[in-house]
1. Run the 1.4 Å probe and let me know the accessible area of D170, rounded to the nearest 10 Å².
2. Tell me the accessible surface of R91 in square angstrom (1.4 angstrom probe, heavy atoms of protein chains only), to the nearest ten.
3. Using only the alpha-carbon atoms of region 89-141 as identical scatterers, what base-10 log of I(q)/I(0) does the Debye formula give at q = 0.16, 0.21, 0.28, 0.30 Å⁻¹?
4. Between the DSSP loop rule and a limit of at most 13 other Cβ atoms within 10 Å, which GluC sites (Glu not before Pro) in region 115-210 are left?
5. In terms of modelled amide H atoms, which long-range or inter-chain residues lie less than 5 Å from the amide H of T6?
6. In whole percent, and with a 1.4 Å probe on the protein chains, what portion of the accessible area of region 1-94 is carbon and sulfur?
7. Ignoring any ligand, DNA or RNA, what whole percent of the accessible area of region 126-210 comes from carbon and sulfur when the probe is 1.4 angstrom?
8. Given a 1.4 Å probe, how much area per residue of region 1-114 is accessible, in Å²?
Amino acid sequence: MLQTSTHYWLRPLPTTVGADAVLSSQEQAWAHALPPVLQLRYRASRSLLRRCVAPLLAVEPQQLPLHSPPGEAPRLVHGCGHVSLSHSGSRLLIAWSPQPIGVDLEWAQRPVPAAALARRFYPPLEASRLLSMPAAAQPRALLESWVRKEAAIKWQGSSLSADLRHWLWDGEREQLRHLGKGWAPPSLCEEREGWLCGAVGEAAVGGIWG
């Protein structure tokens, strides 16, 4: 029986990978064609994804019906739920959900030019609200909004360049909204181990952390 709750995992990305045994032969071939620095990240992320998600579907990690070419969003075969992943620095965020899901990850203390980014990439209403905050509070506010928006774009299957400006996070109403399409999917932003974890999807809220 398919799980009914979303599951999340925040894991360190290994600096070495001895887990090729859980990768499919196609994944190993894709990894081999990548530059060395990308090979390690690809092998580590897909191996962790397989190890985390496989028990939910009662299969061995190598048997997980995963299609995950480099540079594309990973996906499971129809009827097996939905996955998303995000890596930042030394961490990887993985999600499995019965409904479409998108996740994003950022270090909570990442130094960012919040005012400049808000003016350039955020809708005017949200940028104005952020710029009215004390300068010290702006980076955290921008990052909390940013991870929700990146997660929303993965949930939507779009791109930052096409849709970042159209997503608005209304912190007062606790609502994420697409200004063009009117979408207002459930979203969350949680800090765990010093990392901001964003997720968007119909079953994103109230998930189980493993």
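The values are calculated or read from the model by the stated rules, or taken from the named source; none is laboratory data. None of the values given here were measured: they were computed from a predicted structure. For neighbour counting, all protein chains shown are included, and Cβ atoms are generated from backbone atoms with ideal geometry for every residue, glycine included. The area values use the complete protein model at the heavy-atom level, side chains included, leaving out ligands, DNA and RNA. Shrake-Rupley method; radii C 1.70, N 1.55, O 1.52, S 1.80 Å.
1. Here the accessible area works out near 10 Å².
2. 60 Å²
3. -0.64, -0.83, -1.03, -1.12
4. Sites meeting the loop and neighbour criteria: E172, E174, E193.
5. Here I208 satisfy the definition.
6. 55 percent
7. 49 percent
8. 49 Å²
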